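Report on the following structure.
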């Protein structure tokens, strides 16, 4: 809860900071938007997306003191994608930890497919291809 | 079912490349648990650190702390790219083809790929920096897990890679362009740097892009805006004018240039220029109208939003 508040104030300061240019300047953002100019409604939606990113990271055991930096490092598009697709996006990591829980059957199947060159689960296998 | 992937051997694309082999000396880092994204960034960063004037901004601990999602046991592509940017590199996602990958390798740009070492029903996602290829042996070289420059048969590589939709990214110091970049996609990558607080790096990237695409309107506009926001008005003016010399009625550039002139005390010129600006987009037109009003008001008020 505290973290979310912290992030909120931080993002708000960023948003204000990037807004201090004169109001009439057309932003580079216009090049990428169908609607050309970012409306205030878009800004509110993106602001909410960043809050959600912070919450999700918090729930997923990310170090609390890193959350602010991690949210700030994302673009608006990345933050929205993060929120919308977090359940399906692949997370590249380590193989061994994941394998510990695997059944012997899967182990054997993957060993064979490794040897056939269809997968590369184990570091020690050499494909016959 | 197990053998279903073993189709007839297709002719391999490796043969279309001009160069028969490519090997990039990317320093190897032993992977840390669940942190193949962080170690991949670390390896690419130290490669550029060794070969160019680029200096990494983040420590190894910071790379780890910014990329790992403990509950997922790994790193999302989004955060790999965001962390690479925070480390001062431009992140450019390649077109999803083997050809694009080989082309970058040929230009000595190492590529981080996402592979699924298992199957879609048992995914084992892994990031690896690709460090070269060898046409004669039909292999792709990568720092794969704890094995530096592992040579993987290209058929196997293609299988593991296509499971991620052939996802690959080059991380480059801001003055460097991907061999396979399109102007629009590159501009996007450079603008992502600007949006995440690295405007100086973005300016370097825009300027390099202009060397390859000197008349690209969008890049000129982005560069001029970036200078404007850095309060470098002389440089900003130069690039707005250059843009307008190519496309004299570009409404956004006319608006921004007249705003700049107004702000730097050249009200008459500002008025002459804003009069040329017209748009049938109502949002742009309302910005133009506001600028015009500002100029009529004497360019004296410090405006806020």
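Derivation of every value follows stated rules applied to the coordinates shown; laboratory data play no part. Remember, it's a predicted structure, so these values are computed and weren't measured experimentally. Cβ: placed from backbone, ideal geometry, glycine included. Neighbour counts: every protein chain shown.
What are the extents of the Cα atoms of chain B along their three principal axes, listed from largest to smallest and rounded to whole Å?
74, 41, 38
Counting only other chains, what is the mean number of Cβ atoms within 10 angstrom of the Cβ of each residue in peptide A:57-70?
Values: counts 4, 0, 1, 5, 5, 9, 5, 0, 1, 6, 0, 0, 7, 8.
If you average over the peptide's residues, the count of other-chain Cβ atoms is 4.
Strictly greater than 16 Å: what percent of every Cα pair in the range B:183-296 meets that? Working shown, then result.
Numbers: 3763 of 6441 pairs.
Distances greater than 16 Å cover 58 percent of the Cα pairs.
Extending each Cα 7 Å along its Cβ direction at residue B:122 and residue B:71, get the distance between those two points in nm, one decimal.
Placing both labels 7 Å along Cα→Cβ, they lie 2.7 nm apart.
Just tell me how shielded B:188-199 is by partners: mean number of partner chain Cβ atoms within 10 Å of each residue's Cβ, no decimals.
Numbers: counts 4, 0, 1, 6, 5, 1, 2, 9, 5, 5, 0, 0.
For this peptide, the per-residue mean of nearby foreign Cβ atoms is 3.
If each of residue B:149 and residue B:107 carries a label point 7 Å out from its Cα toward its Cβ, how far apart are those two points in nm?
Once both label points are built, they end up 2.4 nm from each other.
Mind checking B:155-163 for the average number of partner chain beta-carbons within 10 Å of each residue's beta-carbon? Present the calculation step by step, with values, prior to reporting the outcome.
Values: counts 4, 8, 2, 0, 6, 5, 0, 0, 2.
Rounded to a whole number, the mean comes out at 3.
What does the convex hull of the alpha-carbon atoms of the range B:2-172 project to on average, in nm²?
Values: hull surface 39.5 nm².
Averaged projected area of the range B:2-172's Cα convex hull equals 9.9 nm².
In percent, what relative contact order does chain B have, based on Cα pairs under 8 Å that are 6 or more apart in sequence? Please list the in-between numbers first.
Values: 466 pairs, mean separation 39.6, N = 305.
Contact order relative to length: 13 percent.
How high is the FRET efficiency between residue B:49 and residue A:48 when r is their beta carbon distance and R₀ equals 51 Å, given to the nearest 0.05? If you can, show how the numbers build up before the last one.
Details: r = 38 Å, r/R0 = 0.75.
The pair residue B:49/residue A:48 has a calculated efficiency of 0.85.
Counting alpha carbon pairs within less than 8 Å and at least 6 residues apart, what relative contact order, in whole percent, applies to the range B:229-305?
Details: 68 pairs, mean separation 20.7, N = 77.
Contact order relative to length: 27 percent.
Defining a contact as two alpha carbons under 8 Å apart and six or more residues distant in sequence, what relative contact order in percent does the range B:110-251 show? Don't skip to the end; give the middle numbers.
Values: 192 pairs, mean separation 21.5, N = 142.
Relative contact order comes out at 15 percent.
Can you give me the distance in nm between label points at residue A:112 and residue B:95, each placed 7 Å from the Cα along the Cα-to-Cβ direction?
4.0
Report the calculated FRET efficiency for residue A:128 and residue A:105 (r = Cβ-Cβ distance, R0 = 25 Å), to the nearest 0.05.
Calculated transfer efficiency: 0.70.
Of the listed peptides A:25-31, A:61-67, what is their order by residue-averaged count of other C-beta atoms within 10 Å, with the highest listed first?
Working: A:25-31: 20.6, A:61-67: 15.6.
Put in order of decreasing packing, that is A:25-31, A:61-67.
Could you quote the convex hull projected area for the range B:244-305, Cα atoms only and averaged over all directions, in nm²?
In nm², the orientation-averaged hull projection of the range B:244-305 is 4.1.
If you find the alpha carbon centre of the range B:211-276 and of the range B:38-102, how far apart are they in angstrom?
Spelled out, the Cα-based centre of one part sits 34 Å from the other.
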